[in-house]
Protein chains: 2
Amino acid sequence: MSTSRPTIDTVAARAGVGRGTVSRVVNGSTQVSPSAREAVLAAIDELGYVPSRAARSLVTRRTDSIALVIPEPGERLFAEPYFAGIVRGISAALADTQLQMWLSMVPSPAERDRVGRYLTREHVDGVLMLSQHADDPLPARVVGAGLPIVLCGRPLSGVDVPYVDADNAGGARGATSYLKDLGRLRIATIAGPQDMAPGVARLEGFREVAGDDAPVEYGDFSEDSGADAMRRLLDRVAELDAVFAASDPMALGALRVLKESGRRIPDDVAVVGFDGSPAGRHSEPPLTSVHQPAEAMGREMTRLLLAQLAGEPAPSEPVIVETHLERRGSA
Amino acid sequence: MSTSRPTIDTVAARAGVGRGTVSRVVNGSTQVSPSAREAVLAAIDELGYVPSRAARSLVTRRTDSIALVIPEPGERLFAEPYFAGIVRGISAALADTQLQMWLSMVPSPAERDRVGRYLTREHVDGVLMLSQHADDPLPARVVGAGLPIVLCGRPLSGVDVPYVDADNAGGARGATSYLKDLGRLRIATIAGPQDMAPGVARLEGFREVAGDDAPVEYGDFSEDSGADAMRRLLDRVAELDAVFAASDPMALGALRVLKESGRRIPDDVAVVGFDGSPAGRHSEPPLTSVHQPAEAMGREMTRLLLAQLAGEPAPSEPVIVETHLERRGSA
DNA sequence: CTCCCATTTGGGAGCGCTCCCAAACTGGGA
DNA sequence: TCCCAGTTTGGGAGCGCTCCCAAATGGGAG
């Protein structure tokens, strides 16, 4: 019996006070006399008391945990440095709260239901969700369950959900303007999939600067798709001298094809990517790329969620964070 | 009152059975008549009942969750594809259990204590921990708290803790043999730090094949250290025609130095790295590298932990998973 | 010295579940 | 018909905590 972990009553007995006083000390109430507080803290220390999260949750009806949902196989996402940054930002913002973070991966649409079942009040107090596809029913389901949620990236479906996003259009505008300022005359883009918000926004930003009739080919953000798109551009566009790719992997694929075709980079063709991935640092030449302030995005997501948990209404306006161009050798 | 979430009693009343029967159905007991089970399932469905994790934990004394602890800023770790693989492996292995994964980053040694306090029975049932440094007190602390734990990578301190590791020595042997089979006569290695287990094991594997008097220079796994080591090797070793580097970044650094010195790769000097990082895919030439089966490692870690949670004793032998050589252009 | 109000304290009630025991069934054999 | 062993069922007890109310305490004013 003495081997079992101490409960709040054990502590109360040891400190010579009542259960209520221990609870007040543990929860930081000010309504406790200094002497009582001291006795309780000493007893906690001696006994190695750790409050039972389960018992507390049962009565407070809070779980003190939030879910971070990653609706992708994760293969691609994890490799992206901005993902690491987001997680770090979230983690840092949570560090001075009581909240724990659940990591929930949704490796396939079939698994969605399993994860969705966990996204309820009995399990978490709120939800953070990364890059979802257009048809993802999860955000709406979470909202329907009455759970606070914050997304990363603008949801393509019409759901009205608070979100944090990088200024995708602005970043694309900046990259394209930069190419223009370099004196490039024939600028093309390798756009991302148009059923994903960043794909749409980056193309939009590109067009605002390059014009609506600038050459466009589409990829799926992957390296191979970038290479394919680059081949199509080379076939189609004469005197091409600059390419803005909507992702770094696509830019790397493009780089490969351009070099294979004998172009010098950046002399013949300048290339700019999007994301600032580490692979881009080791390409030949290193990739110039639009950088997303990932850690700030993670922090902002958490801030928005914490505000909702504190009872504030869900913000109706998204938080948009600025991007910046990271110049390396390819442009 | 009807707005509050249904409890097990609500379900019992709706189904016309007792509380115990609902509990048996929810927990999959076979001792329930088909008609009762059907009625309960129908009631659960109609009411949208979700069992309270807190109430269940309170009585079972299990939390149905495990912690994944990442004792690093995460910057480097997240970028490594093997990290993504491990997480995916864990996630997949957890998918058909009731267990949830709590992600816990330890961005700095100062944060260790905060995380350590959470690693108790009241919070998690078990712990998975990635690449810890030599002086990391966390594993011992977790063991001391009587919590099951499984590490990824052999612990450097003497603690006797179950772990999963890649076959570092075998991978190094394979890489070195491969270079030998290519007909290379003068094979050197850039070894990792000898106060880290993978550094030691990879050097050991190299020596088993290349011999104890083969040239060795040491780095700290980083790119710059690899470049420096390569310079020292070039100074020291005449007619060098192959290098095995104990990490991909070091291999990339070596590649850079070799190219600067006018060597052709792989014609003059063949280079093999270790880890299969994405940056290695985009070097010139792409890096041949020893690949770790990360997803399998994640699965194995989870399997070992689940076995302990099921009451089996902690395994005294580590699980070692095989590596394989991924051939690209540099060797 | 008494009274009164503010501060501090103790502990009952109850959160929703699982465990377990005893009661209520069932059906086959005597 | 009754009995008995096995199966199925209901619900009391209790997990460890917070909430809250009422009681105890303290100190200043009258």
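FYI, it's all coordinate maths here, none of it is from the lab. Every value quoted in this text rests on a predicted model; they were computed, and no experiment measured them. Note: ideal-geometry Cβ built from the backbone for every residue, glycine included; neighbour counts use all protein chains shown.
Taken over chain B, the percentage of Cα pairs per 20 Å bin, counting from 0 up to the bin with the maximum distance, is 28, 42, 21, 9, 0.
Taking all Cα-Cα distances within region A:102-181, those exceeding 20 Å account for 40%. Simple point charges give the picture: +1 on the Cβ of Lys and Arg, -1 on the Cβ of Asp and Glu, and for region A:29-73 a dipole about the Cα centre of about 260 debye.
Region B:247-302 and region B:51-72 have Cα centres lying 40 Å from one another. Put in line by how crowded their Cβ is, counting other Cβ atoms within 10 Å and starting with the fewest, A:Glu317, A:Glu312, B:Glu326, B:Glu204 read A:Glu317, A:Glu312, B:Glu204, B:Glu326. What you get for region A:2-160, charging only the Cβ of Lys and Arg (+1) and of Asp and Glu (-1), is a dipole of about 500 debye around the Cα centre. Under 5 Å from the amide H of A:Thr288 lie the amide H atoms of A:Gly273, A:Arg328, A:Gly329, A:Ser330, A:Ala331, each residue being 5 or more positions distant or on a separate chain, with H modelled from the backbone and absent for Pro and chain starts. 3J(HN,Hα) couplings calculated from phi for region A:309-320 with the Karplus curve 6.51 cos²θ - 1.76 cosθ + 1.60 (θ = phi - 60°) are, in sequence order, 5, 7, x, 6, x, 4, x, 8, 9, x, 9, 10 Hz; Gly and Pro show x.
Under 5 Å between amide hydrogens, built in the peptide plane, is the criterion, and for B:Ala214 it picks out nothing among residues at least 5 positions away or on other chains.
Here A:Ala145 yields copy-to-copy label distances, from shortest upward, of 2.6 nm, the label point defined as 7 Å from Cα along Cα to C-beta. Plainly put, the tip 7 Å out from Cα toward Cβ on A:Arg186 is 4.9 nm from that tip on each other copy, the closest given first.
Taking all Cα-Cα distances within the protein assembly as shown, those exceeding 36 Å account for 48%. Spin-label pair B:Ala140-A:Ser33: with each label point 7 Å from Cα along the Cα-Cβ axis, the two points sit 4.2 nm from one another.
Between B:Arg19, B:Arg231, B:Arg121, the GNM of chain B built on Cα springs shorter than 10 angstrom shows B:Arg19 fluctuating the most. Close amide H contacts of B:Ile149 (hydrogens built in the peptide plane, cut-off under 5 Å, sequence separation of 5 or more or a different chain): B:Val127.
When Rg and Dmax are taken over the Cα atoms of region A:102-243, they come to 18.8, 61 Å. Distance between the modelled labels on A:Asp113 and B:Gln98, one decimal in nanometres: 2.1 nm (7 Å Cα→Cβ projection). Evaluating 6.51 cos²θ - 1.76 cosθ + 1.60 at θ = phi - 60° for every residue in region A:107-116, the Karplus couplings come out as x, 8, x, 5, 7, 4, 5, 4, 5, x Hz, glycine and proline recorded as x. Distances between copies at B:Gly20, taken between label points 7 Å from Cα along the C-beta direction, are 3.7 nm in increasing order.
Comparing mean-square fluctuations of A:Gly48, A:Gly199, A:Gly144 from a GNM of chain A with C-alpha springs under 10 Å, the top value falls on A:Gly48. Region B:6-23 and region A:168-204 have Cα centres lying 58 Å from one another. For B:Arg121 and A:Arg186, a Förster radius of 60 Å and the Cβ-Cβ distance give a FRET efficiency of 0.35, rounded to the nearest 0.05. Which of A:Val290, A:Val269, A:Val22 moves most in a GNM of chain A, Cα contacts under 10 Å? Per the Cα network of chain A with a 10 Å cutoff, A:Val22 tops the list.
Calculated mean residue ellipticity at 222 nm for chain B: -13000 deg cm²/dmol, from DSSP H runs with n ≥ 4 weighted as -39500 (n - 2.57), summed, divided by the residue count and rounded to 500. Straight Cα distances below 19 angstrom link A:Lys180 to none of the lysines, with same-chain residues fewer than 8 positions distant left out. Relative to one another, the C-alpha centroids of region A:131-155 and region B:84-160 are positioned 30 Å apart. On the beta carbon distance between B:Lys259 and A:Ser4, with R0 = 56 Å, the FRET formula returns roughly 0.30.
The charge dipole of chain B, taken about its Cα centre with unit charges on the Cβ of Lys, Arg, Asp and Glu (plus for the first two, minus for the last two), comes to roughly 1140 debye.
Backbone geometry of region A:170-181 corresponds, through the Karplus equation with coefficients 6.51, -1.76 and 1.60 at θ = phi - 60°, to 3J(HN,Hα) couplings of x, x, 5, 4, x, 5, 5, 4, 4, 4, 5, 5 Hz, x marking Gly and Pro.
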